[in-house]
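Peer 1: Let me begin by handing over the structure; questions about it come next.
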Amino acid sequence: MAKNPLHTKLCDQLGIEYPIIAFTHCKDVAVSVTNAGGFAVIGQTQHTPDEIDANIRWMREKIGDKPFGVDLVFPASVPAVGSIEELLAQIPQEQVDFVEKMKETHKIPKWRTYPDCWNLGWINKETPIKQLDVVVDNKVPVLASGLGNPSFVLKRAHEAGMLVWGLVGKPRQAKAEIDAGIDAVIAQGYDAAGHTGNIGTFSIVPQCVEIAKDSGTPVIAGGGVTTGRHLAGAIALGASGVWTGTVWLASRESDVDMLLKEKLIESKATDTRHSACVSGFTMRTLNSTWHKEWAKPDAPKPAPAPYQLLLFAEIKASAFDHGLKDFMTEAAGQGVDFVTSMKPARQIVLDMVEEALDVFDEICGTDEDDE
Ligand SMILES: Cc1cc2nc3c(=O)[nH]c(=O)nc-3n(C[C@H](O)[C@H](O)[C@H](O)COP(=O)(O)O)c2cc1C
């Protein structure tokens, strides 16, 4: 091949070797991915501003002047303000009673991590704005936003020398953010872990590529990308890189609970659910007893965000405190099918690159043919 198809404009823009972006909550995974030639964005929605400040410093100590990103979310439809206690008091009684009964039926033991189980981040609009101040003050190279339109921060972030990426699930969101001057659009499909729309990765990526054509805004493909074949496919769809989450969860460095790692490795795509029962927004997560209870015909509708997140907090904490595997869940995409072992994150990057290059060789002719 005359040109390395994995060397995209995103690689040039960020000064990275491979266009593999890891979304992860685990800083050790982030460091390994960065040092392997990829790019890491650390999810910080569940941290206080002081913790975020410390985490940014920690990243800089470990990776020097290599670039990295921070992810925050700015949901439009949560209350402007409100403490945990105030918001708990606003949850409709029907859903509260349903959860209390579930705790009794399943004999959920008392959680030990109180009050940590309430570190939920985006329960109101005020919290992410305080988190944002720390990220901008630290001039983190990339701010990514997985929920809500981050265009409001563009001017301030650009003045600080930062790039802003917006995650979208619909073409009209991509158009709005590109028109506002976003630096990259993450086109995320229905396959993905976390909050997603209804459009599959194979449709949303080329739709966004078409919308971004005139401005030259890079499009990063997300949702189901777990192997080199997916990476090659994303580049063929016109993406400048891939945005990945699920693939890192069971990696050797990942701080995810060992029982959950096992559950991820055992899980198939059909073991994920696209449901509002975890956060109040439709979100793809691993199936669990919590999901099964909310899917019963006599169950109430999940409460809207952020109330559903609050309803789940204590049972979720108990599941991790006491190793209740059936109640354990996490955001996980359909690509979980390809997560079959606990590989080091560095190995995941290098395997993905090697496989993608093999795929391009397979399609375009081998090196020997070129000679
Ligand atoms: C455990 C986990 C937690 C996530 N939490 C967030 C989050 O806080 N903010 C966000 O923007 N995206 C979040 N996501 C979604 C990822 O950013 C990404 O869009 C998704 O994982 C891509 O699809 P994939 O999992 O199929 O690779 C999360 C994903 C996972 C796996």
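Nothing in this text is a laboratory measurement; each read-out follows from the coordinates by a stated rule. For clarity, every value in this text was computed on a predicted model and none was experimentally measured. With ideal geometry, Cβ positions are generated from the backbone for all residues, glycine too; neighbour counts draw on all protein chains shown.
Peer 1: Mind scanning Lys268/Lys325; Lys263/Lys316; Lys27/Lys155; Lys66/Lys343 and naming the pairs with a C-alpha gap bigger than 21 Å?
Peer 2: Those over the limit are Lys27/Lys155; Lys66/Lys343.
Peer 1: In percent, how large is the relative contact order of the chain, given Cα pairs closer than 8 Å and 6 or more residues apart?
Peer 2: Averaging sequence separation for qualifying contacts and normalising by length gives 20 percent for the chain.
Peer 1: Run the reach check for Lys296 against aspartates and glutamates, Cα to Cα strictly under 19 Å, same-chain hits fewer than 8 apart removed. What comes back?
Peer 2: Cα-Cα hits under 19 Å: Glu94, Asp97, Glu100, Glu104, Asp271, Asp326.
Peer 1: I would also like to ask the following. If packing is taken as the average count of other Cβ atoms within 10 Å, what order do 313-324, 166-177, 23-34, 220-231 fall into, highest mean first?
Peer 2: Ranking the peptides 313-324, 166-177, 23-34, 220-231 by packing returns 220-231, 23-34, 166-177, 313-324.
Peer 1: Still on this model: Can you tell me the relative contact order of region 163-306? Whole percent, Cα pairs under 8 Å, sequence separation 6 or more.
Peer 2: Relative contact order comes out at 17 percent.
Peer 1: Note down the Stokes-Einstein diffusion coefficient of the chain in µm²/s, whole number, using a Kirkwood radius over alpha carbon pairs, 20 °C, and 1.002 mPa s.
Peer 2: 102 µm²/s
Peer 1: At a 10 angstrom cut-off on C-beta neighbours, averaged per residue, how do the peptides 123-133, 40-50, 188-198, 84-94 rank from highest to lowest?
Peer 2: Highest mean packing first, the order is 188-198, 40-50, 123-133, 84-94.
Peer 1: Could you work out how far helix 307-321 tilts from the main Cα principal axis of the chain, as a 0 to 90 degree angle to the nearest 10?
Peer 2: Around 90 degrees separate the two axes.
Peer 1: Once the Cα gyration tensor of region 221-354 is diagonalised, what are the square roots of 5 times its eigenvalues, in whole Å and ordered largest first, as equivalent ellipsoid semi-axes?
Peer 2: Output for region 221-354: semi-axes of 29, 18, 12 Å.
Peer 1: Let me ask you something else. Just for the chain, what percent of DSSP beta bridges are antiparallel, to the closest 5?
Peer 2: Expressed as a percentage, antiparallel bridges in the chain total about 20.
Peer 1: Now for a different question. Under 1.5 on a/c is rounded, so check that first for region 2-161, then, if it is not, pick prolate when a/b is larger than b/c and oblate when it is not; a ≥ b ≥ c are the square roots of the alpha carbon gyration tensor eigenvalues.
Peer 2: Note, shape of region 2-161 comes out prolate.
Peer 1: I want the local charge near Lys261. Using Cβ-Cβ distances under 13 Å, sum +1 for each Lys or Arg and -1 for each Asp or Glu among the other residues.
Peer 2: Net of charged neighbours comes to -2.
Peer 1: On to the next question. If you average 1/r across every pair of different Cα atoms in region 1-57 and take the reciprocal, what Kirkwood value do you get, in Å?
Peer 2: One over the average 1/r among Cα pairs gives 12.6 Å for region 1-57.
Peer 1: Over all distinct Cα pairs, what is the inverse of the mean 1/r for region 282-371, reported as the Kirkwood hydrodynamic radius in Å?
Peer 2: 17.0 Å
Peer 1: Output the 0 to 90 degree angle, nearest 10, between the alpha-carbon long axis of helix 126-137 and the longest principal axis computed from the alpha carbons of the chain.
Peer 2: 30 degrees
Peer 1: Let me ask something additional. When a/c is below 1.5 the answer is rounded, else prolate if a/b is larger than b/c, else oblate, so apply that to region 115-178 with a ≥ b ≥ c taken from the square roots of the Cα gyration tensor eigenvalues.
Peer 2: The shape class here is oblate.
Peer 1: Can you give me the Kirkwood hydrodynamic radius for region 166-275, using every pair of distinct Cα atoms, in Å to one decimal?
Peer 2: Value: 14.5 Å, from the Cα pair sum.
Peer 1: Tell me, what is a quarter of the convex hull surface for the C-alpha atoms of region 94-252, in nm² with one decimal?
Peer 2: Approximately 12.8 nm², given one-decimal rounding.
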